[in-house]
Amino acid sequence: MTKIGPARSSKLRNVISILQQLINTLPTKDEIEEIEHSLNELVDYLSIVRSSLAKVPSQDEFTDAMNTALRLEELLDRAEANPIVAKALGIERPLRRKAPAPISHVASESVKSLMSRLAGCRRTKW
């Protein structure tokens, strides 16, 4: 066996002390399990965020969808305007009501006269 001198012995004790400090800073099994659980939760959350992000349309896709909707609206307008196409597609055209004819001044006076006569009849007893 070889002898270890005091200087070497001191260095060896220093290395052992450093190793002990290092061992004392290592996590316990419970701490490792807790860290692993937390990381799994974070990974699950980020996976949900990633899949949700994949479902968000891009600006280009949105513009394409909006243009398609506008084109469909134009086609519907054309179909409604064409009675043959509208009937073939089963599109009912909204009924156009004619605006009531304006009442002439003479008719208006006649209506007022009748109204006053009716009002007078109500006042009299039969």
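In this structure, does Ile35 turn out to be at pLDDT 85 or above, in a helix (DSSP H, G or I) and over 40 Å from the mean Cα position of the chain (by Cα)?
The answer is no for Ile35.
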In the set Lys55, Lys3, which member is within 34 Å of the chain's Cα centre (by Cα), loosely packed, with under 10 Cβ neighbours inside 10 Å and of a type outside the set (Ser, Thr, Tyr)?
Lys55
Does Arg13 satisfy the criteria of being part of a helix (DSSP H, G or I), modelled with pLDDT of 90 or more and within 36 Å of the chain's Cα centre (by Cα)?
no
Is it true that some residue in the stretch 88-105 is polar (S, T, N, Q) and modelled with pLDDT of 90 or more?
no
Filter result for Asp60 (of a type in the set (Asp, Glu), within 30 Å of Glu92 (Cβ to Cβ), under 31 Å from the mean Cα position of the chain (by Cα) and in a helix (DSSP H, G or I))
no
Does Ala79 count as surrounded by 10 or more Cβ atoms within 10 Å (Cβ to Cβ), touching a Leu at 6+ places or on another chain (Cβ under 7 Å), of a type in the set (A, V, I, L, M, F, W, C) and at pLDDT 80 or above?
yes
For the stretch 63-79, pairs from a residue that is in contact (Cβ under 8 Å) with a residue 24 or more places away in the chain to a residue that is exposed (fewer than 10 other Cβ atoms within 10 Å of the Cβ), with Cβ under 7 Å and 6 or more apart or across chains, are none
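The values are calculated or read from the model by the stated rules, or taken from the named source; none is laboratory data. Remember, predicted model here, so these are calculated numbers, not experimental data. A quick note on method: Cβ atoms are made from the backbone with ideal geometry, for glycine too, and the neighbour counts reach across all protein chains shown.
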